[in-house]
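Taking it in order: structure first as structure tokens, then the write-up.
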Amino acid sequence: MKKIAVMTSGGDAPGMNAAIRAVVRSGLHYDLEVYGISYGYKGLCEGDIRKLDRYDVTRIISRGGTILGSARYPEFQERKVREKAVEKLNELGIEAVIVIGGDGTYRGAQALNEMGIKCIGLPGTIDNDISSTDYTIGFFTSLQTVVDSIDKLRDTSMSHKRCSVVEVMGRYCGDLSLYAGIAGGSEFIITPETGFDKEILINGLTSSHEIGRKHAIVVVTENMVNVHELAKEIEERTGFETRTTVLGYVQRGGDPVAFDRVLGTEMGEYAVQLLVNGKSGRAVGLKAMDYVDYDINFALNKKREIPNKRYGIIGRLK
């Protein structure tokens, strides 16, 4: 093997640049030519590919976002589109691709691997929704952004005796809400794992208001409930003046925290080693603070483990 490529796909996540940097410099260490594919599978199909050297990745380890750009490209599900991608790679003699992204990115890598292009997947998503790894690249940076926001909202909530309903990203995974709820001292969390019982929430907030508590924080995973309507009902039924904050895309931005820089770096280097050792169709993960790799099919289909002990903390400490 002489030539490999790296790309980021799907939603961007802080720490992706650290992974790109590690892939490039580790690849050069093994005398490989390393190429960068811009804007994920879309850029791959359009031939937006360039050779990278060590200076192209200088001083990017601390930068948020991704220097390669990213995009969602559902058209890649079509075989004729994938054939075009394989053709572009073959023209340049690129034999393997390291892809950084979430489950949609993994599915694309799985398809390419079946078509003869060696692929390794790295989990890059703020949602932490890849079951084959304890933590994904970008999760802890996003978590810190959410916690910082909750801390600020608590200040103003206490000043006005308010309830704050905070909507957090996560898609179909509640890890951001769960961890932020614990770290931010929130009174209630609503996630796909907990489900949503409005009456329990309303009764709990009513009791809190009746015993004189000055504020409450409710953290909600996106797509669970209309937070604006929920806030209105909380105010009408509990006595708490209530405000809604949708954090939105600010959760994707910012310089990566130290853990995401380390995670991206070590996963990127691990991925190159897998290719050098002749492996492909693998997904890199972190389990019990050790790096592991699984078949991509397993990574995509592994059932997610729900941290029940952590969910119990909120109820016992509110």
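The values are calculated or read from the model by the stated rules, or taken from the named source; none is laboratory data. Keep in mind the model is a prediction, meaning the values are calculated, not measured. A quick note on method: Cβ atoms are made from the backbone with ideal geometry, for glycine too, and the neighbour counts reach across all protein chains shown. When the accessible area is computed, the model is the full protein with side chains, heavy atoms only, and any ligands, DNA or RNA have been set aside. Shrake-Rupley method; radii C 1.70, N 1.55, O 1.52, S 1.80 Å.
Only one of the listed residues (ILE120, ILE60) is assigned to a loop (DSSP other than H, G, I, E, B) and either modelled with pLDDT of 95 or more or polar (S, T, N, Q) (or both). That residue is ILE60.
Among the residues of the range 1-33, those that are in contact with an Asp or Glu (Cβ under 8 Å, 6 or more places away or on another chain) and part of a strand (DSSP E or B) comprise LYS3, ILE4. Filtered by the rule that a residue be among the aliphatic types (A, V, I, L, M) and more than 17 Å from PHE259 (Cβ to Cβ), the range 141-177 gives ILE150, LEU153, MET158, VAL165, VAL166, VAL168, MET169. For the range 154-173, residues that are within 23 Å of VAL225 (Cβ to Cβ), outside any helix (DSSP H, G or I), open to solvent by 30 Å² or more (accessible area, probe 1.4 Å) and not hydroxyl-bearing (Ser, Thr, Tyr) total 3. Here the range 1-23 is the region considered, the condition is being more than 22 Å from the chain's Cα centre (by Cα) and at pLDDT 95 or above, and the residue that is surrounded by the fewest Cβ atoms within 10 Å (Cβ to Cβ) is LYS2.
Selection within the range 63-94: residues that are out of contact with any helix residue (DSSP H, G or I) (no Cβ under 8 Å at 6 or more places or on another chain) and not in a helix (DSSP H, G or I). The member of this set that is nearest to PHE259 (Cα to Cα) is ILE94.
Does ASP151 satisfy being open to solvent by 30 Å² or more (accessible area, probe 1.4 Å) and under 14 Å from the mean Cα position of the chain (by Cα)? Judged against the criteria, ASP151 is not a match.
Filtering the range 234-251 for residues that are open to solvent by 70 Å² or more (accessible area, probe 1.4 Å), over 20 Å from ASP155 (Cβ atoms) and modelled with pLDDT under 95 leaves an empty set.
Could you identify the single residue in SER207, SER186 that is over 30 Å from ASN277 (Cα atoms), assigned to a loop (DSSP other than H, G, I, E, B) and of a type in the set (S, T, N, Q)? Selected residue: SER186, the only one of SER207, SER186 that is over 30 Å from ASN277 (Cα atoms), assigned to a loop (DSSP other than H, G, I, E, B) and of a type in the set (S, T, N, Q).
A Cβ distance below 7 Å, combined with a sequence gap of six or more or placement on separate chains, defines the contacts here; from the range 141-160, residues that are more than 21 Å from GLY212 (Cα to Cα) reach residues that are part of a helix (DSSP H, G or I) and among the polar types (S, T, N, Q) in the pairs SER142/GLN251; THR145/GLN251; VAL146/GLN251. Within the range 265-289, the set of residues being surrounded by fewer than 17 Cβ atoms within 10 Å (Cβ to Cβ), among the charged types (D, E, K, R), within 19 Å of the chain's Cα centre (by Cα) and not in a helix (DSSP H, G or I) comprises just one member, LYS287. Within the option set TYR30, TYR55, being open to solvent by 60 Å² or more (accessible area, probe 1.4 Å), of a type in the set (Ser, Thr, Tyr) and more than 23 Å from GLY285 (Cα to Cα) holds for one residue only, TYR55.
Okay, residues lined up against (1) open to solvent by 60 Å² or more (accessible area, probe 1.4 Å); (2) in contact with a Lys or Arg (Cβ under 9 Å, 6 or more places away or on another chain):
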{"residue": "ARG72", "(1), (2)": "yes, yes"}
{"residue": "VAL81", "(1), (2)": "no, no"}
{"residue": "ALA111", "(1), (2)": "no, yes"}
{"residue": "LEU122", "(1), (2)": "no, no"}
